[in-house]
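Report on the structure given below.
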Amino acid sequence: MTSFDVDAVVVGSGPNGLVAAVTLAEAGWRVVVIEAQDTPGGGLRTDEVTLPGFRHDHCASTHPMGVASPAFRALGLEREGLRFAQSDVALGHPIAPGSSGLLLRDVDRTAAGFGADEKLWRAVVGTFGKRWEPLSRGIMNPLRPNLDVLALGATSVWPTTWILRALRDERTRAVVAGLAAHSILDLKQPAAALVGVALGAFAHGVGWPVAVGGSQSIADALIARLRALGGELVTGERVTSIDRLPSARAVLLDTSPRDALRIAGHRMAPRYARALASLRHGPGVYKVDWALDGPVPWADPSIADAGFLHLGGTAGEVVRAEHEVARGRVPDEPFLLMSQASAVDPSRAPAGKAAFGGYCHVPAGFDGDITDAIERRVEHFAPGFRERILARHVTDPDAMEAHNANLVAGNIDGGSPDLRQLLARPTLSLTPWATGDAHVFFCSASTVPGPGVHGMSGRLAAQTALARLG
Ligand SMILES: Cc1cc2nc3c(=O)[nH]c(=O)nc-3n(C[C@H](O)[C@H](O)[C@H](O)COP(=O)(O)OP(=O)(O)OC[C@H]3O[C@@H](n4cnc5c(N)ncnc54)[C@H](O)[C@@H]3O)c2cc1C
């Protein structure tokens, strides 16, 4: 009988890697996680990148998917001290200085703010919001679709620009365009609105909370659970070949497709390796974090305590900006996705100060400097913003990839979530985490169900490994 050093090696400690590790450890497996960076967590890392006392999320900051995720709900990480915080305003979308569309926790008040679209919002997003639990189960395991995810597909698979034509109030149009733009797809193509309507529904169902203390708290809670179950974590070790890993029953790769191929491509089924090689990555991101000498001076006070903001202007401006990016150009007025975590979680900044930051989409690998354009855009909606800047930290696409090898050329979604790659991710199969080698599994956001902090790729990959080898 073969003897193993451990039962499973997990390469990469992002949310998917950590959830996979905990799922295996809960089943009694001895697990080690190996992480390339000195700090674990992947897209969950939080650091004082501007000034001491200002805690900025490097990547993910808002967690509707995390809170709604069946994987996180099953793990019950509040037992490890994990807490979330949010205000009543999940999302603020300034259209012009002083005037915004608001996505609130409450469906009725949100719909009332959307004028002529009130009934439509209530009927579609409000209904999905009430059914957030089965909806999240369907979205996060789309290979076993339920009625809710089929209904989401029927209403929202269409190009966002078509859906916008059915809306009459600019506030609804702007909010819908901004939500759909989280897909980083051209809004003229199908599927972006699937992401948008789901995010809107989760705002009503569970809100858009931040993790108290920073997203790092989610990674810390997962690591605490893993260690309590006897699992280990090694940091500062970039894995380059499966042949140099401890011998194990299973190896799970929370990596980019490129690293997965480098590490274990020679052991995978040729069809699977080809699918990894041909997975298309979309545009990158350019991010700026600021330490501020006080809250952002928004012209519209109704967004002062929003946890998240879309600085996009009208729906037409959002559509134009994302279309430019899809064509490989940097828009003059980028669409900004901003986290205002310190407005809902005071632990993020010293008293009276604010930690603020966010990103915009840019062509993959873009190497220019657009910090000034981004600050001008914030200043447009918050006159006096620049005077409050104490320090800034810029992360361009190259720096994104240096910080986390999964962010290829600054792309944050592990491969475009277009219709084809939402389902065939990386290949069309009921077990897309199985690579063709009985002992190697792929579990990053480049697998079903795709990008976001939900841990479901990790959980489903681990369950597949347990079913086959356990
Ligand atoms: C700027 C930005 C903002 C985002 N905002 C949000 C948000 O608000 N909400 C949300 O839900 N999602 C958000 N996301 C997306 C989310 O962070 C990712 O989808 C999620 O982190 C993917 O998890 P993962 O486990 O697949 O990979 P990752 O979190 O990327 O982790 C992969 C880990 O594997 C390690 N690794 C890679 N290769 C190797 C190797 N060869 N050897 C050892 N270790 C390796 C990496 O260092 C990294 O730690 C954002 C992402 C970015 C970049």
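The values are calculated or read from the model by the stated rules, or taken from the named source; none is laboratory data. None of the values given here were measured: they were computed from a predicted structure. Neighbour counts run over all protein chains shown; Cβ positions are idealised from the backbone, glycine included. When the accessible area is computed, the model is the full protein with side chains, heavy atoms only, and any ligands, DNA or RNA have been set aside. Shrake-Rupley method; radii C 1.70, N 1.55, O 1.52, S 1.80 Å.
In table form, for the structure just shown:
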read-out	value
Exposure of residue 227 as accessible area (Å², to 10), given a probe of 1.4 Å and all protein chains	130
Residue order for 35, 26, 170 - accessible surface, 1.4 angstrom probe, largest first	26, 170, 35
Carbon/sulfur fraction of accessible area - region 253-361, other protein chains in place, 1.4 Å, %	53
Solvent exposure of the chain as accessible area per residue, Å², 1.4 Å probe	37
Angle in degrees between helix 315-326 and the longest Cα principal axis of the chain, rounded to the nearest 10	40
For region 161-168, Karplus couplings with θ = phi - 60° (6.51, -1.76, 1.60), whole Hz, Gly/Pro x	4, 5, 4, 4, 5, 7, 9, 10
Between region 248-275 and region 423-470, the Cα center-to-center distance that results, in Å	11
Between helix 216-228 and the chain: long-axis angle, C-alpha atoms, 0 to 90°, nearest 10	20
Heavy atoms of residue 408: accessible area, 1.4 Å probe, square angstrom to 10	30
For region 1-125, convex hull of alpha carbons as volume per residue, Å³	185
If the convex hull is drawn through the Cα atoms of the chain, its volume per residue in Å³	122
Alpha carbon centroid spacing (whole Å) that separates region 16-55 from region 192-232	13
Gap separating the Cα centres of region 365-395 and region 67-85, nearest whole Å	34
Accessible surface ranking that places the most exposed of 143, 390, 253 first, with a 1.4 angstrom probe	390, 143, 253
Simple Cβ-charge dipole of the chain, Lys/Arg +1 and Asp/Glu -1, about Cα centre, in debye nearest 20	1400
Two-decimal ratio, region 332-382, of alpha-carbon radius of gyration to 2.2 N^0.38 Å	1.34
